[in-house]
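S.K.: Take this structure, written in structure tokens, and hold onto it; I'll ask about it next.
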Amino acid sequence: MGQEVNYSELLYEGKAKKIFKTPEKEVFFLEFKDSLTAFNALKKGSFENKGIVNRDIAALVFDYLEQHGVKSHYLKKEKHNGMLVKKVEIIPFEVVVRNVLAGSTAKKLGLEEGTPLSEPLVEFYFKKDELNDPFVSEEQMRIIYKISEKDISLLCELALMINQGLKELFHRIDIELIDFKVEFGKDLQGQILLADEITPDCCRLWDVKTKEKLDKDRFRRDLGQVKESYEQVLARLQKLNIRKG
Ligand code: TMP
Ligand code: ASP
């Protein structure tokens, strides 16, 4: 207990995480909360130990991706529901990759959920709660938001690399990766790193055999067994013996 650092300076509190300053200038403490929200926080919930479960899943996924050439902000686990991360400035666009049509795009286009796509589809959404994170085209990003063509291409390339790694990782534990959302940030040297988290909060994960959902759709759609599903994802990942570095 004695040597535990107290992270008291809160920099930002989001729906499922808090970010604190640390004594090191380039390092933040990211705390995973037990809360769960959907539909831009219109629906709120929580379950016991969600923070720890998601922190553990994110840590394993970041370690795995690092071994597959994807650099992230993750440094190491810290305290019971947190991790130390490299300080980055978040690029305000969520990057969604879809392998199978589900959720908002399926609904918008009137297509059946579960329709496989012939190749992964990368989409961008502008991070702005007041606007409900609207879809933006690459042209809108370039012309309106002045994101360089080089950065847009890099974000697409990284998102597809992450998709490839994650698809393989989840396939090994009998889970099909339907889609996911990631965020990127720039570190103090201007390098683009994978940031935020990769957990069942921001992925659609279906059991390969039963097609059962093992992600936040269980909460969004009142399917029950939310905690058990998140724990199931963690338990399967832990069996793989993913090592740090
Ligand atoms: P969507 O089908 O609702 O657009 O979601 C696509 C993926 O992105 C899905 O895995 C859930 C994730 N997602 C988030 O993590 N945060 C969000 O705010 C939204 C809308 C989706
Ligand atoms: N993550 C968003 C929210 O907290 C939306 C969602 O995942 O459904 O409201």
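S.K.: Considering (1) more than 16 Å from ligand 2 (Cβ to nearest atom); (2) over 19 Å from the mean Cα position of the chain (by Cα), say which one Lys87 fails and leave the rest.
M.R.: It fails just one condition, (2).
S.K.: Could you identify the single residue in Glu139, Glu212, Glu130, Glu149 that is free of Cβ contacts under 8 Å to residues at least 24 places away in the same chain, open to solvent by 50 Å² or more (accessible area, probe 1.4 Å), within 16 Å of ligand 2 (Cβ to nearest atom) and not hydrophobic (A, V, I, L, M, F, W, C)?
M.R.: Of Glu139, Glu212, Glu130, Glu149, the one residue that is free of Cβ contacts under 8 Å to residues at least 24 places away in the same chain, open to solvent by 50 Å² or more (accessible area, probe 1.4 Å), within 16 Å of ligand 2 (Cβ to nearest atom) and not hydrophobic (A, V, I, L, M, F, W, C) is Glu130.
S.K.: So, one more: For the subset of region 59-79 comprising residues that are out of contact with any strand residue (DSSP E or B) (no Cβ under 7 Å at 6 or more places or on another chain) and assigned to a helix (DSSP H, G or I), which member is farthest from Glu197 (Cα to Cα)?
M.R.: Gln67
S.K.: Would you confirm whether any residue within region 132-146 is over 26 Å from Met83 (Cβ atoms) and among the small types (Gly, Ala, Ser)?
M.R.: Yes, some residue in region 132-146 is over 26 Å from Met83 (Cβ atoms) and among the small types (Gly, Ala, Ser).
S.K.: On to the next question. Are there any pairs, at least 6 apart or on different chains, whose C-beta atoms fall under 6 Å, with the first in region 80-98 and more than 19 Å from Glu130 (Cα to Cα) and in contact (Cβ under 8 Å) with a residue 24 or more places away in the chain and the second among the acidic types (Asp, Glu) and assigned to a loop (DSSP other than H, G, I, E, B), and if so, which?
M.R.: Note: pairs meeting the criteria are Lys86/Asp187; Lys87/Glu26; Val88/Asp187.
S.K.: Pull up region 4-22, narrow it to residues that are within 16 Å of the chain's Cα centre (by Cα) and open to solvent by 40 Å² or more (accessible area, probe 1.4 Å), then point me to the one that is farthest from ligand 2 (Cβ to nearest atom).
M.R.: Here the answer is Ile19.
S.K.: Then there is this: Have a look at Lys239, Lys186 and point out the one that is in contact (Cβ under 8 Å) with a residue 40 or more places away in the chain, away from ligand 2 (no atom under 16 Å from the Cβ), open to solvent by 70 Å² or more (accessible area, probe 1.4 Å) and in contact with an Asp or Glu (Cβ under 9 Å, 6 or more places away or on another chain).
M.R.: Selected residue: Lys186, the only one of Lys239, Lys186 that is in contact (Cβ under 8 Å) with a residue 40 or more places away in the chain, away from ligand 2 (no atom under 16 Å from the Cβ), open to solvent by 70 Å² or more (accessible area, probe 1.4 Å) and in contact with an Asp or Glu (Cβ under 9 Å, 6 or more places away or on another chain).
S.K.: Kindly evaluate Ala195 against the criterion of being within 26 Å of Lys18 (Cα to Cα), touching a His at 6+ places or on another chain (Cβ under 7 Å) and not hydroxyl-bearing (Ser, Thr, Tyr).
M.R.: So Ala195 passes the test.
S.K.: Sticking with this structure for a sec: Any idea which of Lys50, Lys77 is over 13 Å from the mean Cα position of the chain (by Cα) and buried (at least 22 other Cβ atoms within 10 Å of the Cβ)?
M.R.: Lys50
S.K.: Could you look through region 82-118, keep only residues that are out of contact with any strand residue (DSSP E or B) (no Cβ under 9 Å at 6 or more places or on another chain) and outside any loop (DSSP other than H, G, I, E, B), and pick out the one that is most open to solvent (accessible area, probe 1.4 Å)?
M.R.: Lys107
S.K.: A further question on this structure: Return yes or no: is Arg220 at pLDDT 95 or above, over 22 Å from Lys86 (Cα atoms) and in contact with a Phe, Trp or Tyr (Cβ under 8 Å, 6 or more places away or on another chain)?
M.R.: yes
S.K.: So Phe28 passes all but one of these: (1) under 26 Å from Lys186 (Cα atoms); (2) part of a loop (DSSP other than H, G, I, E, B). Which condition number does it fail?
M.R.: Only one criterion is unmet by Phe28, namely (2).
The values are calculated or read from the model by the stated rules, or taken from the named source; none is laboratory data. Quantities reported herein were computed from a predicted structural model and do not represent experimental measurements. All Cβ positions, even for glycine, are placed from backbone atoms using ideal geometry, and neighbour counts span all protein chains on display. The protein model used for the area step is the full one, side chains on, heavy atoms only, and it has no ligands, DNA or RNA in it. Shrake-Rupley method; radii C 1.70, N 1.55, O 1.52, S 1.80 Å.
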